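Below is one structure, written out as structure tokens; comments come after it.
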Amino acid sequence: MDFTNRVVLVTGASGGIGRAIAQAFSESGARVAVHYHRNNEKATETLASLLAGGHALFQADLSRASEAQALARAVVEEMGAINILVNNAGIFVRHALPEIGYGEWQRSWQRVLGVNLFGPANLTFCVVEHMLAQGGGKIVNVSSRGAFRGEPDAPAYGASKAGLNALSQSLAQALAPQNIFVHVVAPGFVQTEMAAETLSGPRGESIRRQSPLGRVAQPDEVARTVLFLASEGTDFLTGCIVDVNGASYLRS
């Protein structure tokens, strides 16, 4: 896959899946806009790991609508375009219903939906404005198997990812006539820093056994799927949701 002369904005690229996606695009010739929220040090490490040149670093709190708009504008001003948007940034907050108070319940929902659903929705709106002027583009949203199987200890996370799926499919229908194509990848557990504590703890072995492969995904496996969907010749896959969970959860 050749992404030479393409500008790719990857949100949440300071580590984990986002870093792997940024690296994979750079290896395929793209110029990458590396977005982060708080961890400048890790984001700078991502930037330094990218091949060739022409990449840049951008900070924004995507739960704030004004910062999503400013991010899209800054990337276009500095890099000249946004040909591909990867909405990868997301957070997981545990807030099991019987264990918390009403105030914490509300705060958890506001925080998670702000980052995982409103952030991608607002950033997509702002990026699409530029894609329309450019004659088209690709959007790949990173969802989760939790959108389908449920997240009893983190219901806002499951709901936010289900909402992201619905948003993606709605926009796939709305934007296809404008040559803008929208895809989704839905990973299960991935071997990242964020999941490391869980995977190394008492539940780790049972989680790995959920897949007949006896393991969880590596970040580069998710990244390769994102690159495929963003490549030429996949337009008729618009609206698809691709599971990357090693058959740990199968849906009809």
Please verify whether the range 99-111 includes one or more residues that are farther than 23 Å from Gln23 by Cα, at pLDDT below 95 and not β-branched (Val, Ile, Thr).
yes
Considering only helices (runs of 4 or more DSSP H) fully contained in the range 145-206, which possess at least 2 residues that are more than 16 Å from the chain's Cα centre (by Cα) and among the hydroxyl-bearing types (Ser, Thr, Tyr)?
193-200
Out of everything in the range 217-252 that is touching a Pro at 6+ places or on another chain (Cβ under 9 Å) and either in a loop (DSSP other than H, G, I, E, B) or among the hydroxyl-bearing types (Ser, Thr, Tyr) (or both), what residue ends up being farthest from Asn179 (Cα to Cα)?
Ser248
Just checking, does the range 28-48 include any residue being under 14 Å from Val226 (Cβ atoms) and touching a strand residue (DSSP E or B) at 6+ places or on another chain (Cβ under 7 Å)?
yes
Complete set of residues in the range 98-115 that are charged (D, E, K, R) and in contact (Cβ under 8 Å) with a residue 12 or more places away in the chain:
Arg111
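Among the residues of the range 45-55, is there at least one that is within 23 Å of Ser143 (Cα to Cα) and not hydroxyl-bearing (Ser, Thr, Tyr)?
Narrowing the range 45-55 to residues within 23 Å of Ser143 (Cα to Cα): 46.
Going one step further and asking which of them are not hydroxyl-bearing (Ser, Thr, Tyr), we end up with none.
For the range 45-55, residues within 23 Å of Ser143 (Cα to Cα) and not hydroxyl-bearing (Ser, Thr, Tyr): absent.
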Looking at Gly233, Gly214, Gly188, Gly246, can you tell me which residue is touching a Leu at 6+ places or on another chain (Cβ under 6 Å) and either modelled with pLDDT of 95 or more or buried (at least 17 other Cβ atoms within 10 Å of the Cβ) (or both)?
Gly246
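To keep it simple, each residue is scored yes or no on (1) surrounded by fewer than 20 Cβ atoms within 10 Å (Cβ to Cβ); (2) among the aliphatic types (A, V, I, L, M); (3) closer than 23 Å to Glu129 by Cβ; (4) touching a helix residue (DSSP H, G or I) at 6+ places or on another chain (Cβ under 9 Å).
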{"site": "Asn5", "(1), (2), (3), (4)": "yes, no, yes, no"}
{"site": "Leu9", "(1), (2), (3), (4)": "no, yes, yes, yes"}
{"site": "Gly29", "(1), (2), (3), (4)": "yes, no, no, no"}
{"site": "His35", "(1), (2), (3), (4)": "no, no, yes, yes"}
{"site": "Ala81", "(1), (2), (3), (4)": "yes, yes, yes, yes"}
Being closer than 23 Å to Gly90 by Cβ and hydroxyl-bearing (Ser, Thr, Tyr) is the filter; apply it to the range 1-17 and report the residue that is nearest to the chain's Cα centre (by Cα).
Thr11
Tell me which helices (runs of 4 or more DSSP H) are completely within the range 1-89 and hold 3 or more residues being touching a residue at least 40 places away in the same chain (Cβ under 8 Å), or say none if there are none.
16-27, 65-79
If we scan the range 33-52, do we find a residue that is closer than 25 Å to Thr192 by Cα, touching a His at 6+ places or on another chain (Cβ under 7 Å) and not aromatic (Phe, Trp, Tyr)?
yes
Which condition does Ser160 not pass, out of (1) crowded, with 19+ Cβ neighbours inside 10 Å; (2) in contact with a strand residue (DSSP E or B) (Cβ under 9 Å, 6 or more places away or on another chain); (3) under 23 Å from Val115 (Cα atoms); (4) not aliphatic (A, V, I, L, M), if it passes all the others?
(2)
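The values are calculated or read from the model by the stated rules, or taken from the named source; none is laboratory data. Just so we're clear, the structure is a prediction, and the values are computed from it rather than from any experiment. Note: ideal-geometry Cβ built from the backbone for every residue, glycine included; neighbour counts use all protein chains shown.
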